[in-house]
1. Residues of the stretch A:78-98 being surrounded by 15 or more Cβ atoms within 10 Å (Cβ to Cβ), more than 15 Å from A:Gln17 (Cβ to Cβ) and in contact (Cβ under 8 Å) with a residue 60 or more places away in the chain, which ones?
2. Mind listing whichever residues of the stretch A:12-30 are touching a Gly at 6+ places or on another chain (Cβ under 9 Å) and either surrounded by fewer than 16 Cβ atoms within 10 Å (Cβ to Cβ) or assigned to a loop (DSSP other than H, G, I, E, B) (or both)?
3. What residue, of B:Arg41, B:Arg50, is at pLDDT below 95 and within 21 Å of A:Ala31 (Cβ to Cβ)?
4. Looking only at strands (runs of 3 or more DSSP E) that fall completely inside the stretch A:32-106, which ones have 1 or more residues that are under 27 Å from B:Ile47 (Cα atoms)?
5. So which of A:Tyr89, A:Tyr64 is within 11 Å of chain B (Cβ to nearest Cβ), farther than 19 Å from B:Gln33 by Cβ and at pLDDT 95 or above?
6. Which of the residues spanning the stretch B:71-100 are under 19 Å from B:Arg50 (Cβ atoms) and either at pLDDT 95 or above or buried (at least 22 other Cβ atoms within 10 Å of the Cβ) (or both)?
7. Give the residue, chosen from B:Leu48, B:Leu11, that is in a strand (DSSP E or B), within 11 Å of chain A (Cβ to nearest Cβ) and either closer than 30 Å to A:Lys9 by Cα or within 11 Å of the chain's Cα centre (by Cα) (or both).
Amino acid sequence: DGGITQSPKYLFRKEGQNVTLSCEQNLNHDAMYWYRQDPGQGLRLIYYSQIVNDFQKGDIAEGYSVSREKKESFPLTVTSAQKNPTAFYLCASSESGANVLTFGAGSRLTVL
Amino acid sequence: SQQGEEDPQALSIQEGENATMNCSYKTSINNLQWYRQNSGRGLVHLILIRSNEREKHSGRLRVTLDTSKKSSSLLITASRAADTASYFCATTFKAAGNKLTFGGGTRVLVKP
């Protein structure tokens, strides 16, 4: 089945640690996105990539980093510079030139 | 903020009743989409309506768009307990390319 796989589903981190969230898609989509969702809130765009080896900052990129070395993969690193990282993180993808998103199941990060 | 805003924030109805939620936005859009999110899961695309369309249907879903009022509505007819979820509108603004901006969502509870 085609889709987006995010891992891990749950992640706990101590303050000061970097963590990397994985996002893999087998939909052959060119564009990939990372969103952050806080409880009872909408989604805010962290980073997006429209093509391999290229990515752009979204609305809340500070404290996060990404890479896009392969079309299928768009990992997100939450760095120690992110002051309030506890949130639900959603990865999505779309076909080139379109903006209908297919989402993964999400990763919930909790900072202890 | 160019973010869409949903109204109401929460809605509780009996099974079989209709559910209506609204989305307002601030600037000219390319298109508007509605997504559903079950608790703790990723979002699922429901329907897309283009700026030159006024109404679209998909199964029990009816979406309207009034660009003069900068608003859209999502109607779920004959609701079922399985419709319990959060519903988000997402807009693509003409000045922002293909980037999607999400509203804060409407939480719908359908009681059996």
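1. A:Tyr89, A:Leu90, A:Cys91, A:Ala92, A:Ser93, A:Ser94, listed by residue number.
2. A:Asn26, A:Leu27, A:Asn28, A:Asp30
3. B:Arg50
4. Passing ranges, in order: A:43-51, A:54-57, A:87-94.
5. None of the other options fit; the residue is A:Tyr89.
6. Within the stretch B:71-100, B:Ser71, B:Ser72, B:Ser73, B:Leu74, B:Leu75, B:Phe88, B:Cys89, B:Ala90, B:Thr91, B:Leu100 qualify.
7. Residue meeting the stated conditions: B:Leu48.
The values are calculated or read from the model by the stated rules, or taken from the named source; none is laboratory data. Computed from a predicted model, the values in this text were never measured in an experiment. Using ideal geometry, Cβ is built from the backbone for each residue, glycine included, and neighbour counts are taken over all protein chains shown.
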